[in-house]
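Below: the structure, in structure tokens.
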Amino acid sequence: MIPGWGRNALTPIRHCGKKLHMPTDKEQGKSSKLWGGRFSADLADIALDYSESTQADSEMIAEDVWGSQGHAIMLARCGIIAEEDLREILRGLRRTEDEFAAGRFSLKRELEDVHMNVEAYLREDAGPEFAGKLHTARSRNDQVVTDAKMHLRTRVLDLQEALAQLQAALLERARGHESTVMPGYTHTQHAQPISVAFWLSSYVSMYTRDQRRLANAFEIVNQSPLGAAALAGTSFPTDRELSAELLGFDGCHVHALDIIGSRDWVIETLAALAMLMCNLSRLAEEFVLFSTYEYRMIEIDDAYSSGSSIMPQKKNPCIAELSRGNTGAVYGRLMEMLTLMKALPGGYNRDFQQDKPPLWHALNLVERTLVALTAMVRTVTFKTEHMREVVGKNFATATELANYLVSERGLPFRTCHEIVGGLVAGLIAQGKTLDDHDAVRELLAQHGQEMSVEEIASVCDPQACLGRQQSLGSTGPESVTRMLGQLAEQLEADGAVAAGRRERIAAAHEKASAIVDAVLAGRGLADCGL
Ligand code: ARG
């Protein structure tokens, strides 16, 4: 601590709590900007138009006010400003908060960004000296990262919740279909029979990794930059841990220069969103494909389809197609950010301002995609008859027949693969399938393998084949039932972590708000448990 700057030793700033006469900019012949001291002219309209960020910043008004409250409380607690000053600052900030809540606080473009708007309001409301004191030991450079991170962490939690809804919907639709057989594909060709529950739960399993990526992004995001100031920290005896706590951060991002000059937390989040959209687009694609006349395995509800203006018969899977299509926009936003950051020198660069439009855009798109896909999943119907019919027609149980010969005849798998391959070729030549048991029996006999028709019927039956799958993670009904249970548990565990994070943020907001109330009611910080 700098000698003489200790909390008790300090008489912070003279005239505390009193309104001062501050000369106006006009009186001083200066720029009207808050940094006007160095400038002789205001920003040109063209320059303002090009550089102001109020549209993207309007997402962060509540955060800017809360962030300012936390910062002001910390300043007073550390004796950097007087408690009388704190009261005036908090009074003004509370009024900003109320105005915002009542829908009356909108950002003025000429004030460039959310920080200058809130400060300007405070200047008008509480007076310039208090607005001026609030900006002690902080800079817009740490302020903007603080606001954006506070906004982003909640959006990430919202997304996790939306994704959990989709996972829950898929699980719900899977239950009861553990033995409903359908073709499983490799190379988009019939491969082996699987169950509908196995198919649907594969996406739930995939999305648990997206949950993990989002939860990791939250962890990286939720470290406080506040107090890093412009880039070098400050000579004031601040308590960054305290402001971090009041703002619901899990800790401090300690290194001032690093946090001011980094946006990898934005990229990290966008990367998680891009990966999520990739995984969502795959579900969307299967819905498009499986709803075609060629597949006829699912029917997307009319409410999530649209028609053609010329072809009266058409029913198009537009929601699924748009989810697939929007993936490109989210990838684009990730590329935009990676490119924005490439080779930028350390410290703050104004380029950073361009991080918020892509971030907000991607968050909005992913959230809307999740909501739409969830609704579509909830209402889709499965054409189980048709699935059952086609799964028996294209040799999907050939592997199972080879496996049978391995276990019953003691032959090497490669030999059985060869025998069954020959059998399939023979059946194709005769225009028959594994359902034609007499033909199968004859062709097998030609390959030196005698099997009864009953044996063949049971081995080649897709339903029975499904029932025999027993390895860990397989499509067998027992395995799928176990996985559905595990996936539901994982979903619950992810939900508990996210809910705990939400609660900690809400508790910090309540705590900060209670301190504001107490100070406004005339109590001292010492009475507030600080
Ligand atoms: N609008 C700016 C941003 O989003 C806020 C920080 C401005 N800092 C500065 N030194 N001009 O990055």
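Since every read-out is calculated from the coordinates, none of them should be taken as a lab result. These numbers come from a predicted model, not from an experiment. Backbone-built Cβ (ideal geometry, glycine too); neighbour counts: all protein chains shown.
Calculate the translational D of the chain in whole µm² s⁻¹ from Stokes-Einstein, where the hydrodynamic radius comes from the Kirkwood formula applied to all Cα pairs, the temperature is 20 °C and the viscosity 1.002 mPa s. So the translational diffusion coefficient is about 78 µm²/s.
Between region 78-112 and region 203-244, what is the separation of their alpha carbon centroids in Å? Rounded to whole Å, the Cα centres lie 24 Å apart.
Screening the chain for DSSP H helices whose Cα atoms reach 30 Å or more along their own axis and whose mean Kyte hydropathy is at least 1.0 gives 264-290.
When peptides 449-458, 110-119 are sorted by average Cβ neighbour count within 10 Å, with the highest value leading, the order is 110-119, 449-458.
For GLU97, neighbours were defined as the other residues whose beta-carbon sits under 13 Å from its Cβ, and their charges (Lys and Arg +1, Asp and Glu -1) total -2. Remark: for residue pairs LYS315/LYS432; LYS314/LYS383; LYS314/LYS432, the C-alpha separation exceeds 25 Å in LYS315/LYS432; LYS314/LYS432.
Would you mind counting up the charge near ASP351? Only other residues with Cβ under 13 Å from its Cβ, with Lys and Arg at +1 and Asp and Glu at -1.
Result for the local shell: +2.
Extending 7 Å from the Cα toward the beta-carbon at both THR292 and ASN349 defines two label points whose distance is 4.5 nm. Working note: 222 nm ellipticity from helices only, DSSP H runs with n ≥ 4, each -39,500 (n - 2.57), summed and divided by the residues of the chain, gives -20000 deg cm²/dmol to the nearest 500. Please compute the net charge surrounding GLN490, taking Lys and Arg as +1 and Asp and Glu as -1 over other residues with Cβ under 13 Å from its Cβ. Local charge sum for GLN490: -1.
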